[in-house]
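*Asks:* Next up is a structure, given as structure tokens.
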Amino acid sequence: MKVLIQRVSEASVNIDNKLYSAIEKGILAFVGIEKGDTAEQVEKLAKKAANLRIFPDENDKMNLSLVDINGEMLIVSQFTLCGDCKKGTRPSFDKSAPPQIANELYEYFITQINSFGIKTGHGQFGAMMEVSLINDGPVTFMLEAEPIQNNA
């Protein structure tokens, strides 16, 4: 599982040229679900994203979390985060989870973020979306869950 987070002043998602969801100050999170990802990994990365200290304090040091600043999060499913570009010039998406499982874990990520009292917006799983943002900083981090080791 991968979650690309960007600190934003604002962000929005349009679908079919209509505003679908928008947030003000907070985090835009692109979520990629890979084969073998679990609810436990979702919980871990949701907690990390909500509590990662990437917002400035009174001394302009990154010392405050999304929870601390009462910020918002826009959550967008993005299977291309799971793309492998190591070979050739066409990405391979073999690592991406099947759509049904990916959607379930994506929805669970939204639920987990909500459990921290964070106001959320989200995209529509599987839809063609236009995402707009004002990156604050810019500040961008990649969060990754360790893959589950299969000893079979």
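*Asks:* Quick check on A127: is it touching a Phe, Trp or Tyr at 6+ places or on another chain (Cβ under 9 Å), exposed (fewer than 14 other Cβ atoms within 10 Å of the Cβ) and touching a residue at least 40 places away in the same chain (Cβ under 8 Å)?
*Replies:* When the stated conditions are applied, A127 passes them.
*Asks:* So which of T80, T111, T89, T38 ends up being in contact with a Pro (Cβ under 8 Å, 6 or more places away or on another chain) and either β-branched (V, I, T) or more than 22 Å from T140 (Cβ to Cβ) (or both)?
*Replies:* T80
*Asks:* Also, quick follow-up: Residue by residue through the range 110-132, note down the ones that are in contact with a Ser or Thr (Cβ under 9 Å, 6 or more places away or on another chain) and in a helix (DSSP H, G or I).
*Replies:* I110, I113, N114
*Asks:* Ok, one more. Report every pair of residues separated by at least 6 positions or lying on different chains whose Cβ atoms are under 7 Å apart, first residue within the range 61-84 and over 18 Å from I110 (Cα atoms), second of a type in the set (S, T, Y).
*Replies:* C82/S96; G83/S92; D84/S92
*Asks:* Same structure, new question: Give the range 32-64 a look and list any residue that's more than 29 Å from I101 (Cβ to Cβ) and either touching a Ser or Thr at 6+ places or on another chain (Cβ under 6 Å) or not hydrophobic (A, V, I, L, M, F, W, C) (or both), or say none.
*Replies:* Matches in the range 32-64: R53, P56, D57, E58, N59, D60, K61, N63.
*Asks:* What residue, among those in the range 111-122 that are in contact with a helix residue (DSSP H, G or I) (Cβ under 9 Å, 6 or more places away or on another chain) and not polar (S, T, N, Q), is surrounded by the fewest Cβ atoms within 10 Å (Cβ to Cβ)?
*Replies:* Filtering first and then ranking leaves G117.
*Asks:* Go through (1) touching a Cys at 6+ places or on another chain (Cβ under 9 Å); (2) crowded, with 16+ Cβ neighbours inside 10 Å; (3) among the small types (G, A, S) one by one and return the number of the condition A145 breaks.
*Replies:* It fails just one condition, (1).
*Asks:* Given (1) within 17 Å of G32 (Cα to Cα); (2) touching a residue at least 12 places away in the same chain (Cβ under 8 Å); (3) hydroxyl-bearing (S, T, Y), where does T120 come up short, assuming only one miss?
*Replies:* Unmet condition: (1).
*Asks:* Kindly indicate whether any position in the range 133-143 is touching a helix residue (DSSP H, G or I) at 6+ places or on another chain (Cβ under 7 Å), over 12 Å from I75 (Cβ atoms) and modelled with pLDDT of 95 or more.
*Replies:* yes
*Asks:* All but one of (1) without any contact (Cβ under 8 Å) to a residue 24 or more places away in the chain; (2) over 24 Å from N14 (Cα atoms) hold for L52; state the number of the condition that does not hold.
*Replies:* With respect to (1) without any contact (Cβ under 8 Å) to a residue 24 or more places away in the chain; (2) over 24 Å from N14 (Cα atoms), L52 is out only on (1).
*Asks:* A follow-up question, please. Of all residues in the range 24-83, which are of a type in the set (S, T, N, Q) and either surrounded by 23 or more Cβ atoms within 10 Å (Cβ to Cβ) or part of a helix (DSSP H, G or I) (or both)?
*Replies:* Hits for the range 24-83 are Q41, N51, S77, T80.
*Asks:* Test E146 against the stated conditions and say whether it is under 25 Å from R7 (Cβ atoms) and either basic (K, R) or not in a loop (DSSP other than H, G, I, E, B) (or both).
*Replies:* So E146 fails the test.
*Asks:* Looking at the structure I just gave you, is P99 modelled with pLDDT under 95 and surrounded by fewer than 15 Cβ atoms within 10 Å (Cβ to Cβ)?
*Replies:* no
The values are calculated or read from the model by the stated rules, or taken from the named source; none is laboratory data. What you are looking at is a predicted structure, and each value in this text was computed from that prediction instead of being measured. Ideal geometry is used to build each Cβ from the backbone, glycine not excepted, and the neighbour counts take in all protein chains shown.
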